Amino acid sequence: MAQLGSGALIVALALAVYGIVAGVVGARRRIPELVESSIRAVWGVTLLVLVAVAALLTAFLTHDYRLEYVFGRSSRDMPVYYVAAAFYGGQEGSLLYWAMIAGLLSSLALYLHRKRDRALIPYVAATVLSVETFLLLMLTIVASPFTLLPMTPPDGQGLNPLLRDPGMILHPPFLLGGFASFTVPFGFAMAALITGRLGDDWIRAIRRWALVAWGILGVGLLFGAWWAYHVLGWGGYWGWDPVENVALLPWLTATAFIHSIIVQERRGMLKVWNMALIVASFALSVFGTFTVRSGLIASVHSFAVSPIGPWFLGYLAVVVAVSVALLIYRLPGLQSDRAIESVVSRESGFLLNNLLFTAMAFATFWGTVFPLITELVRETKLTVGPPFYKQVNGPLLFAMMVLMGVGPLLAWRRSTPRLLLRNLLWPGVAGLVAGAGFLVLAGNPLAAASIAVTVFAVGTIVLEYWRGARVRRANTGEPYPLAVAMLVRKNGRRYGGYIVHLAVAIMAIGIIGSSFFQVERQFTLRPGESGTIGPYTLTYQRLDNRVTREGQQVAAVVDIAKNGEPRGTVETLRFFYRNYENQPTARMGIKTIGIDDVYLVLDQWDENGTVGLRAYINPMVSWIWVGGAVYVLGMITVLWPAPQPVRRGATRPVREAVLSEA
C-alpha cells in the first residue's frame, strides 16, 4: 500500500506539471490537442489521487501499522467507522482529502464546461492543476502519509480522544470539502482574468460552483457547532475560537459573492466586487488551512507545529500576489456597465450587503491575527476573546437582518418611497408586535429588538411567497399550496434563496434565546440528592464505572423533572482511552424539553460517588439545528436544475399551420 500510494502521488505530481504546461501552451498557440491533453491531465491526476486515497484507506482498515500515519491515528480497539475517519484525522490525510475533493469537482466542472466555455477551459485546467501541484508537493516531499516505520508495531496509538465522536464523521469532511470546493470557482476567476474575458461567461460558469462550495462549507460549520455543543462542555456552540473564525471567513465572503453576482447578471454592475470576493474566498480557505497546520495560533482544533505551515504561508502569498496583480491589470475591463441610479434601489441594497459581510469578515480576521501582530511588534501576546466579536459583529448581524427584510422589497434601479413603505407595512407591524410582546415577557430590550428584526425578515419572506402564489393562482387557478410548490419548482434560485433566508432567521432566534437567557449553576451532589435550576429539578442517581474495548467510562446518571413532573434521565460522561489516560474527554448530558436544553457537565467525582455537576439551561438552541436543516433544504432547492420547456415536434409545416389559423 505504501509503494502504491506514494507512487501514485509522484506520478500525479508529474502529470499535474505537464497539464499546466500543456494547457497554457495549447491555449497560446491554439493547439486543441494540447488543450484536450490538459483536461485529461486533470482527470488523470484525480484518478491517481483516488488510487492513493484507496491505498491509505486500505492500510487503515487492514491495520497496516508499518505506515507511520496509520500507527499514529488508529488502533485495533477502535470501531471501524473511526478507523475510516482517521484517514483525514491528521495533517497528511486531510491534505490528501483536500486534493481528492478538489480533483473530483474540477474534473466534473471541466467535463461539463469543456465545450461551452472553450476559451476559459485551458486556464481553468492550468489553475486547478497548480493547486493540485502544490498539494502533491506537500504530500510527496514535506508530509507524506505513506512514510514507513523502521519496524512494524503490534498496535497503533489510536485516534486523538477529542476526535472519537460522531462529529468526526460529519464535520471535517464537509469543512475540508468546502475549502477544497472553492478551487473550481477560483479556477474560472483566474481564467477570466488571464484571458480578459470578463463578461457574463465566467459568471454564468462560476455561479453554481460557488453555490456548491458555499453550501458544503456552511454545512461543515453547522456540524462543527453541533460537535462543539455536545463535546467541549462550556454550554455553547460557537466560542469565536481562532480556527472557528478562519473557517467562517470564506463562508462570509462567498455569501457576499452569491448575492453580488445577481447584480452583475441583471445590471452589469459590481464586477470588481465579484472578482475580488471569489478570489478572497479561495485565499481565505488557504489561510484557514495554514492556521490549522502552522500551530501559530492556540486552538483546540490546531495540529501540532509542523513544516507544512511555512509552505502554506508561501503558497498563500503567491496566490494573493498573483490574484491582486491580475485584478489590477484587468481593472479597466471590470468597470460597471451602469451606475447606481438611486440609493433606494435593489442595487444599493446588494452593495450594502457586500459592505456588511466584508466588514464582518475583516473584523473577524483582525481579531484572529491581532494576537500574532502584538506578539511580533511588542513581544507580548494580547488575546482577543468573545466580547470583542460580540461587540463588533453583533451590530453588523443586526443590520444584516434588517437588510434581509428590506432587500427583497426594493425595486431595481429605483424604489418609490411610497410603494416601499406600503410593502414594508405588514412585515414591519409583525416585527413590532413580536418585539413588544417579547419585551413584556422577557424584559430585555436588546433581545426584543433582535427578535423584532428577525420576525420582520420572516414577514418579508412570507409576503414574497404570498404575492407570488397569488399571482400564480390568478393565472393558473392552482390552490395556494400547489402554487407555492410550483413557484419553488419553476424559480428555485429565487424562492430557494428565500428558504435559506428563513433558515438564517430560525437560527437567529436560537442564537438570541441561548445568548441572552442562558442560566448556569454548579452542584455538588451525593447519590439521591437534588438541585434546582430554573423550573428544573436535577436528581443525581448514581455513578457508573464502565470498561469498554477502547478504555474506561465514568457516567453520572441524573433524573430531570420540570415543575415536579418527570421528564427523563440523562447521562453525562467522561472517557479515558487507552494510550490517552491523561487526556480525558467528555460527552455532555443534553435533554431537550420544550424550547429548553437541559445541559449537564460532569466536572469531578470521588470514590464515594459524590459528583460535581455543572448545569445550563439553554433556551431555543434546538432552533439552530432546525434552521440548519432548513438551510440544507434551501441549498438543495437553489441548486436543483430548473425544469426545461417542453419541446414538441411539428406535425405539419409551420407556414401551413400559420395560414390555416389565420
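Compute the Cα gyration tensor for segment 490-537, then decide on rounded, prolate or oblate, letting a ≥ b ≥ c be the square roots of its eigenvalues: rounded whenever a/c is under 1.5, prolate when a/b is larger than b/c in the other cases, and oblate in all that remain. Cα axes put segment 490-537 in the prolate bin. Is segment 1-164 rounded, prolate or oblate when judged by the Cα gyration tensor, a ≥ b ≥ c being the square roots of its eigenvalues, rounded requiring a/c under 1.5 and prolate requiring a/b larger than b/c? In terms of gyration-tensor shape, prolate.
Just order 567-577, 582-592 by mean Cβ neighbour count inside 10 Å, highest at the front, would you? Let's see the in-between values first.
On the way: 567-577: 18.3, 582-592: 16.7.
Answer by packing, highest mean first, reads 567-577, 582-592.
Restricted to Cα atoms, the chain shows a radius of gyration and a Dmax of 27.6, 99 angstrom. Listed by chain and number, the aspartates and glutamates whose C-alpha is less than 15 Å from the C-alpha of K390, apart from same-chain residues fewer than 8 away, are D241, E244. When each of the peptides 519-530, 456-467, 281-292 is scored by how many other beta carbons lie within 10 Å of its residues on average, the order from highest to lowest is 281-292, 456-467, 519-530. Please list, or write none, the lysines whose alpha carbon is within less than 26 Å of the alpha carbon of K591, excluding same-chain residues fewer than 8 places away. List returned: K562.
Using 0.36 nm per residue of separation minus the Cα-Cα distance, give me the extension gain between L446 and D544 in nm, one decimal.
Details: separation 98, 0.36 × 98 = 35.28 nm, distance 4.37 nm.
The L446-D544 span can extend by a further 30.9 nm.
The listed peptides 534-540, 51-57, 503-509, 123-129, ordered by packing as a protection proxy, come out as 123-129, 503-509, 51-57, 534-540 (highest mean of other Cβ atoms within 10 Å first). Averaging Cα coordinates gives a centre for segment 317-346 and one for segment 384-419; these two points are 23 Å apart. For segment 362-378, putting each phi into the Karplus relation 6.51 cos²θ - 1.76 cosθ + 1.60 with θ = phi - 60° gives couplings of 5, 4, 5, 4, 5, x, 6, 8, 4, x, 5, 5, 5, 5, 6, 8, 10 Hz, in residue order, rounded to whole numbers and with x for Gly and Pro.
Under 13 Å from the Cβ of V471, count the other residues' Cβ atoms, weight Lys and Arg +1, Asp and Glu -1, and hand me the total. Write out the running numbers ahead of the final one.
Working: positive: R467, R470, R472, R473, K490; negative: E464, E478.
Charge balance in the 13 Å sphere: +3.
Per residue of the chain, the DSSP helices (runs of n ≥ 4 H) give a summed -39500 (n - 2.57) that works out to -22000 deg cm²/dmol at 222 nm.
Within the shell defined by Cβ-Cβ distances under 12 Å, the residues around V231 carry a net charge of +2, with Lys and Arg each +1 and Asp and Glu each -1.
All of the numbers you see were taken from the coordinates with simple rules; none came from a lab. Here the structure is a predicted model, which means the values were calculated and not measured. For neighbour counting, all protein chains shown are included, and Cβ atoms are generated from backbone atoms with ideal geometry for every residue, glycine included.
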